[in-house]
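The values are calculated or read from the model by the stated rules, or taken from the named source; none is laboratory data. Model, not experiment: these values are computed from the prediction. When we count neighbours, we look across all protein chains shown, and the Cβ atoms used for this are built from the backbone with ideal geometry, even at glycine. Only protein heavy atoms, including side chains, enter the accessible area calculation; ligands, DNA and RNA are left aside. Shrake-Rupley method; radii C 1.70, N 1.55, O 1.52, S 1.80 Å.
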Amino acid sequence: MTALTWIFDGLLTAAMVYLAWSLLSERDLFKAVVLFIAFGLLMALAWVRLRAPDIALAEAAISAGLSGVLLLDAVGAIRSPNPVPEDTSSDSG
Amino acid sequence: MTQSERGRKMFIESGKKEKFPMERHGMLLLNRIFHRFLLLCLLWWVLTEGYPGSWWFGLPGVTVTTAATLGLSSRFTWHWRPLGMIRFVPFFFLQSLHGGIDVAWRALHRQTPMNPALFDFPLRLPHGPARVFLANTVSLLPGTCSADLSEECLKVHVLDGSIAIHTRLQAVEEHVAALFGLSIPPAERFEEASPHE
Amino acid sequence: MNDFYLAVSAFLLVNILVGLVRILRGPTPPDRMLMAQMFGTTGVGILLLLSEAMGLPVLRDVALLFALLGALATVSFVRRYWPVEFAEEESKE
Amino acid sequence: MMFEEWISSALVCAGAFFYLAGTLGMLRFPDIYTRLHAVTKADNLGLGLLAAGLMLRAESWPAMIKLALIWMLALVTSATACYLVANNALRAGLPPVLGRYRSGSRP
């Protein structure tokens, strides 16, 4: 355990706690989903630091692959169609 | 021009194998099966990092996968020319390095100087995987980003509209054509000026 | 030598944590989504460095999975959350 | 051996530098299209140089090829994602910033 590992682990833990808090207290659902995807990545890194690469593998597949896609799909189904451009009218083509 | 017609004809004929005589067809099929089998074996070897015990599981898996790919992908065969590949890879590396340093300079500069523009780049490549490959390559080369692949044009977003973007993209297109063994008509001269200025 | 790789991976971690700002205040949803993809890419880099620093070659498989699934969330975002193309086609028919 | 290690370290540092440039680009570039450039650059050069540096120190041939495979996989996925986002943004009518731009003086 050198000082560098302490720094790395401390940063990772602090970022995860901050990210968890901000995604739970977020009102905008889409923003919360994106934060959740980022959180899943840091979670996988944490499993790696705990020397559990198999769980990290599962975490990567579930958080990046499965939950991200499912949650985005759900948020898209909840919201009205064509939600993105707020400052531009439907000037497509 | 005749060369380009020949290239297109070759491209069209590569899709319909049933015109060949029966024996030739069989040989080609065997050849293809063999190549695919070798490729999948290589992939398995790489994925297991050469662990010898894994071949008990790997060989049956590779065999089944070879059979499955033959059943699934008869339409999407394409051939990369080795010579084109040897020319393409260093070209791609040099171009990415050059463009990457350029974009990094813009990002690190105090004022982020840039001059973004949208270009319509007329395509000379025939329809098919070569065009998709070109669009992806253009996206990967920093400084350019393909935004819309339509019937005749590739809409490209560039970070700096004042550089000779057409010449650069034509060079990329020629390399892709060489990679796929296609011949394309000679380049036309373009006015190298930003259309939005 | 291991310290060097750990230091670089800590640097990359700081890098994505700074990029978190873009998720929190990106003006449009695609900006946020792009930053999530950036998280994935940087995560691949961190995992490769950690596999060298910690002496765990298994982590390359985790990195492979991240590279494979990293863009999946973006694709789902474009097709499901922000389906402009489908809306256009429906309105034409 | 020493020489190889130096080259490897230099390549890893260069990769980290391009990651930094990509993040800074994400933060500072004016619109979604220009930010796409930053992301694909981090994918291509950052990961590429980093993987190249680690390839020099890989313990076996398959490990080396696997690193290259990871890089190529990341290239394919990032190119696809880049095209999808840019195309969709264009269709949705998100206006790109065009013409000369410097931070602080939006045209």
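Data table
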quantity: Test: residue in region B:86-109 that is open to solvent by 10 Å² or more (accessible area, probe 1.4 Å) and either in contact with a Cys (Cβ under 9 Å, 6 or more places away or on another chain) or over 29 Å from residue D:35 (Cα atoms) (or both); calculated: yes
quantity: Considering residues of region D:50-97 that are basic (Lys, Arg) and over 24 Å from residue D:35 (Cβ atoms) only, the residue least open to solvent (accessible area, probe 1.4 Å); calculated: D:66
quantity: Pair list, Cβ < 8 Å and 6+ apart or interchain, from region D:47-65 residues that are touching a residue at least 40 places away in the same chain (Cβ under 8 Å) to residues that are charged (D, E, K, R) and buried (at least 19 other Cβ atoms within 10 Å of the Cβ); calculated: D:54/C:52; D:57/C:52
quantity: Residues being over 28 Å from residue D:97 (Cα atoms) and assigned to a loop (DSSP other than H, G, I, E, B) - total across region B:83-113; calculated: 0
quantity: Within chain C, helices (runs of 4 or more DSSP H) holding 1 or more residues that are facing chain D (nearest Cβ under 7 Å), within 25 Å of residue A:4 (Cα to Cα) and at pLDDT below 85; calculated: C:2-25
quantity: Leading residue by the ranking (most open to solvent (accessible area, probe 1.4 Å)) among those in region D:1-20 that are away from chain B (no Cβ under 13 Å) and either within 13 Å of residue C:5 (Cα to Cα) or at pLDDT 85 or above (or both); calculated: D:6
quantity: Index of the failed condition, residue D:22 passing every other in (1) in contact with a Lys or Arg (Cβ under 8 Å, 6 or more places away or on another chain); (2) more than 21 Å from residue C:50 (Cβ to Cβ); calculated: (2)
quantity: Residue in region A:72-80 that is modelled with pLDDT under 85 and open to solvent by less than 40 Å² (accessible area, probe 1.4 Å) present; calculated: yes
quantity: Flag if residue D:23 is assigned to a helix (DSSP H, G or I), open to solvent by 30 Å² or more (accessible area, probe 1.4 Å) and either at the interface with another protein chain (Cβ under 8 Å from one of its Cβ atoms) or not hydroxyl-bearing (Ser, Thr, Tyr) (or both); calculated: no
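Okay, residues lined up against (1) more than 10 Å from chain C (Cβ to nearest Cβ); (2) over 16 Å from residue A:68 (Cβ atoms):
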| residue | (1), (2) |
| --- | --- |
| A:3 | no, yes |
| A:8 | no, yes |
| A:11 | no, yes |
| A:14 | no, yes |
| A:17 | yes, yes |
| A:22 | no, yes |
| A:30 | no, no |
| A:37 | no, no |
| A:40 | no, no |
